[in-house]
Structure formats: C-alpha cells, structure tokens
Amino acid sequence: MTHATMLENLRQDARDELSALIELRCRLGEDPWVFLPDLPSVDEQVVATLREERMHSERWSLPRARAYHPAARAGDVEKFEFDLLREIALELPELSAAVWKILDRVPSSW
C-alpha cells in the first residue's frame, strides 16, 4: 500500500468516525450549530487515531509510563506528547498542520 493510499484510507476512516459522531449527537438532541465548531477536522482525527495507536505500541509504552508517572518531572508529559506528535508529522508531512494545531492545545498541566 502506498503512502498516499494509506493516508487516504486513514482520512476516510476519520470521516466515517466523525459522521457517526455527528449523527449520534444529533439523535441525542444536541444542536449541531453548537457542537460542530468543537469537533476536530478530518486530519486532526487522523492524528488522534495515530497518536492513540502509538501510545500503546511497544516503542512508546516505556516513555509514556515515565512521562505520566506521578514522580515525573514537570514538563515530561509535554515533551512526551511533543515527541510522539512530531514523529507523526515527520512520517506524514501532510498532517503537519493538524499536528501543530493539536500541539497548540496541549495543556501545560499534562
């Protein structure tokens, strides 16, 4: 599978997830005018999915455990999140804008 095909498949999956979420929230009686602006973009959803997959991968499990440990130093979580998301941006440059948008929202208290 080519890089472009993989990214397009991830984007289609993200569109499907967001569509299902929108439908669910509308069926629950929520006003789309209220919640739609808060939903992630398709690329942000792709980044969130990739982040979640990597968080549980063998490569990232130890750094995640260290960063989120109660005895971790201040800033360890932010560095971990930055490194994880940066790797996604480097591997899939088309998602760089979404990665940086997500990084802007990473709370300093993480």
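The values are calculated or read from the model by the stated rules, or taken from the named source; none is laboratory data. Bear in mind that the values here come from a model prediction, so they are computed numbers and not experimental data. Glycine also receives a Cβ, built like all others from the backbone with ideal geometry; neighbour counts cover every protein chain displayed. SASA here: full protein model, heavy atoms, side chains in, ligands and nucleic acids out. Shrake-Rupley method; radii C 1.70, N 1.55, O 1.52, S 1.80 Å.
Annotations for the structure displayed:
- Modelled label reach - A97, point 7 Å along Cα→Cβ, region 1-42 residues with backbone N closer than 13 Å: 41-42
- Rounded to 0.05, the FRET efficiency of the S57 and L36 pair, given R0 = 25 Å and the Cβ-Cβ distance, is 0.20.
- Residue with peak Gaussian network fluctuation, the chain [Cα springs, cutoff 10 Å], from W60, W100, W33: W33
- Max mean-square fluctuation residue, GNM over the chain, Cα-Cα springs under 10 Å, options A48, A71, A89: A71
- Using the 1.4 Å probe convention, the accessible area of the chain works out to 67 Å² per residue with neighbouring protein chains retained.
- Summary value for the chain: 23 percent relative contact order, contacts being C-alpha pairs under 8 angstrom separated by 6+ residues.
- All Cα-Cα separations within region 48-110 were binned at 10 Å from zero, giving a P(r) of 22, 54, 23, 1, each value a whole percent of the pairs.
- Dipole magnitude (debye, nearest 20) for the chain, charges at Cβ of Lys, Arg, Asp, Glu: 400
- Cβ-derived FRET efficiency at R0 30 Å, A65 paired with E23, nearest 0.05: 0.25
- Only one of (1) -0.63, -0.67, -0.76, -0.81; (2) -0.43, -0.51, -0.67, -0.75; (3) -0.45, -0.51, -0.62, -0.68 was calculated from the structure for log10 I(q)/I(0) by the Debye sum over Cα atoms at q = 0.11, 0.12, 0.14, 0.15 Å⁻¹, and its label is (2).
- Only protein atoms count toward the accessible area here, which uses a 1.4 Å probe; on the chain, the carbon and sulfur part of that area reaches 57 percent.
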